[in-house]
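One structure is given below, encoded as structure tokens.
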Amino acid sequence: MAVAALLLTKEIARYRPALYRLALLQIRDKAAADDATQETLLAALEGIERFRGEASVKTWLFAILRHKVVDVLRQRGRFVPPPSEDLNAELDITGFDTLFDAEDCWAAPKNVWANPETVVERKAFFKVLEACLTRLPARTARAFLMREWLDFAPGEISSDLDVSPGNLRVLLYRARMQLRTCLDVGWDRA
Amino acid sequence: MTDKGKVTCRDTTWLVSDARDRPLTESERASLADHIAECSLCQGASKQFGALFREVGAYLKGEAPDTEA
């Protein structure tokens, strides 16, 4: 039992970088992301007896992190965008124009991505995905992750970001389109 | 269906995104399905979006493999 707990403790610590990277993508503040990661690891160590092994250690930790990050966002209140990032630039989706022709039909065939199946392929795929997520502007990434990860209602996200529902719709569209394009370019060479 | 319900490829990308945030109306769902059924480019794009949402979900749940070396 003691040996099992020790092994689990070691495994928990191994996921610190992955937890921190996701926390940082959402919170965009190094100190706060580090705190959320630390609290997640502590909660996991304190609750180690409750880990039943039904989920993997990693998914268990990610579920704890999700709760911690929701708490952080609620405590910190409204998002303060970095001064370098301009909402109008983030709302500008004319960059996608080249994807479509004059009739708004896709300009080029869409190859279905080769399904990443082997361990090596999946690793490479998620490396590209993580890089694509990191490249989203802060506000766009925050909106996207609040929606897709934390499952906040669009109304809550609008008020957190202080943008209109219509602008939030554009930010979420942009995030999804940009991720699709990014994976198209970054992954589909395989 | 009437021309009024016809949508472009670009319109379908908006509907695919909106569907993640709110239920589509009956007519939006019909327009989307009809367009995709007839458009091979959108069939490819919609498989890409499906894969994107599935893999993003896996990543966010901690089901993805570690990305560090």
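Derivation of every value follows stated rules applied to the coordinates shown; laboratory data play no part. Just so it is clear, the structure is predicted and the values come from calculations on it, not from any experiment. A quick note on method: Cβ atoms are made from the backbone with ideal geometry, for glycine too, and the neighbour counts reach across all protein chains shown.
Where the centroid of each part is defined by its Cα atoms, how far is the stretch A:1-25 from the stretch A:46-82 in Å? Each part reduced to its Cα centre gives a spacing of 13 Å. Near A:Thr140: Cβ cut-off under 15 Å, other residues only, Lys/Arg at +1 and Asp/Glu at -1. The net charge is +2. Between the residues B:Leu32, B:Leu15, B:Tyr59, the greatest Cα displacement towards the positive end of the dipole of the stretch B:9-60, with unit charges on the Cβ of Lys, Arg, Asp and Glu, is found for B:Tyr59. Using only Cα positions of chain B, each an equal point scatterer, no hydration layer, compute I(q)/I(0) via Debye at q = 0.13, 0.14, 0.26 Å⁻¹ and quote the log10 values to two decimals. At q = 0.13, 0.14, 0.26 Å⁻¹ the computed log10 ratios are -0.45, -0.51, -1.17.
Expressed in units of 2.2 N^0.38 Å, where N is the residue count, the Cα radius of gyration of the stretch A:1-68 is 1.09.
The 3J(HN,Hα) values that the Karplus relation (6.51, -1.76, 1.60; θ = phi - 60°) gives for the stretch A:45-59 are, in residue order, 5, 5, x, 4, 5, 7, 6, 9, x, 6, 9, 6, 4, 5, 5 Hz. Gly and Pro appear as x.
Normalised by 2.2 N^0.38 Å, with N the number of residues, the alpha-carbon radius of gyration of the stretch A:1-138 equals 1.39. The dipole here belongs to chain B: it is taken about the Cα centre, uses +1 on the Cβ of Lys and Arg and -1 on the Cβ of Asp and Glu, and is about 160 debye. Among the trypsin sites (Lys or Arg not before Pro) within the stretch A:75-138, those in coil by DSSP and having at most 10 neighbouring Cβ atoms inside 10 Å are A:Arg78.
Given charges of +1 on the Cβ of Lys and Arg and -1 on the Cβ of Asp and Glu, with all other atoms neutral, how large is the dipole of the stretch A:36-190 about its Cα centre, in debye to the nearest 20?
Magnitude of the dipole: close to 480 debye.
Label sites at A:Asp86 and B:Lys61, each approximated as a point 7 angstrom past Cα along Cα to Cβ, lie 4.1 nm apart. Counting every pair of alpha carbons in the protein assembly as shown, the share spaced more than 27 Å apart comes to 43 percent.
Here the Kirkwood formula puts the hydrodynamic radius of the stretch A:71-190 at 16.0 Å, using every distinct Cα pair.
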